[in-house]
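Working notes for the structure below.
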Amino acid sequence: MGPAVHALLLSLLLGISGSPWVCGRPTYRSRIVGGQDAVEGHWPWQVSLRFGQTHICGGSLIAEKWILTAAHCLPATWTIFTYTVWLGSIHADDSSQGLQYHVSKIIIHPNFKERTADIALLKLYSRVTFTSLILPICLPTIKEHLTIPASCWVTGWGETTKTNGTDFYSTLQEAEVPVIDRQACDRLYNPVGIFLPGSEPVIKEDMICAGNTDSMKDSCKGDSGGPLSCLIDDVWIQIGLVSWGAGCGRTLPGVYASVIYYQKWINATI
């Protein structure tokens with residue numbers, strides 16, 4: 001059973017069998033080119049997580065009342081009432097576009113610590129109405145082995161430069177990034193590890209690496225929590241979410257929390 005069939009099954013589970021909306025199949029399918037402004041409606045699951053009205057992180061719509069994002073985007077010192085979720089617009093600096101939703105519950109993975117288990121779920125107060133601009137992305141299935149393509153896509157409003165400022169793009173950005181083998185990525189982040197057999201790897205089994213170090217296409221601050229999306233059998237599936245890295249657009253790939261690794265936890269939670 002392929003991803004296309006799973007998309008149909010998910011639509012039935014979501015109770016939208018009488019509608020044309022299924023996960024991972026955007027209505028608008030224009031050609032996409034990495035490292036530039038995204039096309040309206042091409043990434044209808046993309047979320048802007050905001051502190052009040054200020055964009056702080058990305059996220060993805062995975063069901064009618066559920067958002068997937070990074071745990072490090074949700075400091076314990078901030079109250080739930082300060083967060084809003086915006087959907088349906090590629091513009092993070094214009095509150096007149098898109099729809100705002102309030103968060104009723106924050107669920108951070110119980111094993112979250114710094115870079116480990118950097119994954120969280122947000123439950124919304126009200127159900128999201130699916131449109132051509134607002135649709136969920138498909139998640140991997142537990143029972144089926146997923147063949148990851150050589151490259152996937154990262155989207156977000158990350159910083160416009162490689163500094164530590166907070167000057168985000170006003171328009172959603174997209175970039176195609178190659179997926180890198182975990183062991184190879186660990187050697188990049190921990191080159192001395194090959195001389196220390198049995199040492200703890202930097203890139204853990206719950207992480208995925210992706211990024212084009214030659215063309216400097218990478219995720220950055222402000223992209224955190226946003227999806228790493230792969231087109232598999234004509235269906236978009238989220239395999240990771242932006243977690244951490246060694247700066248932005250540097251010579252090291254970005255590191256993503258593996259949605260595949262935490263799929264059982266996601267299913268049990270929602």
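So if we plug the beta-carbon distance of Ser104 and Ile142 into 1/(1 + (r/R0)^6) with R0 = 25 Å, what FRET efficiency do we get, rounded to 0.05?
0.40
Treating only the Cβ of Lys, Arg, Asp and Glu as charged (+1, +1, -1, -1), what charge dipole size does region 44-124 show about its Cα centre? Round to the nearest 20 debye.
About 260 debye.
Tell me the net charge near Trp66. Cut-off is 11 Å between Cβ atoms, Trp66 excluded, with +1 for each Lys or Arg and -1 for each Asp or Glu.
+3
Note the full-extension length gain between Ala150 and Thr54 as 0.36 nm times their separation in residues minus their Cα-Cα distance, in nm to one decimal.
Fully extending the segment from Ala150 to Thr54 adds 31.1 nm.
Between Cys23 and residues 5 or more places away or on another chain, which pairs have amide H atoms under 5 Å apart, with H built 1.01 Å from N, and which residues are they?
Ser11
Over 10 Å intervals from 0, what percent of Cα-Cα pairs in region 44-124 sits in each interval?
Reading upward from the zero bin: 19, 55, 24, 2.
Hey, can you grab everything whose amide H is under 5 Å from the amide H of Ile180? Only 5+ residues off in sequence or another chain; H modelled, so Pro and N-termini drop out.
Placed amide hydrogens put Cys209, Ala210, Gly211 under 5 Å from Ile180.
Between Glu200 and Thr131, what is the label-to-label distance in nm when each label sits 7 Å out along the Cα-to-Cβ direction?
Simple spin-label model gives 4.8 nm for this pair.
All of the numbers you see were taken from the coordinates with simple rules; none came from a lab. No experiment lies behind these values; they were computed from the predicted model shown. Ideal geometry is used to build each Cβ from the backbone, glycine not excepted, and the neighbour counts take in all protein chains shown.
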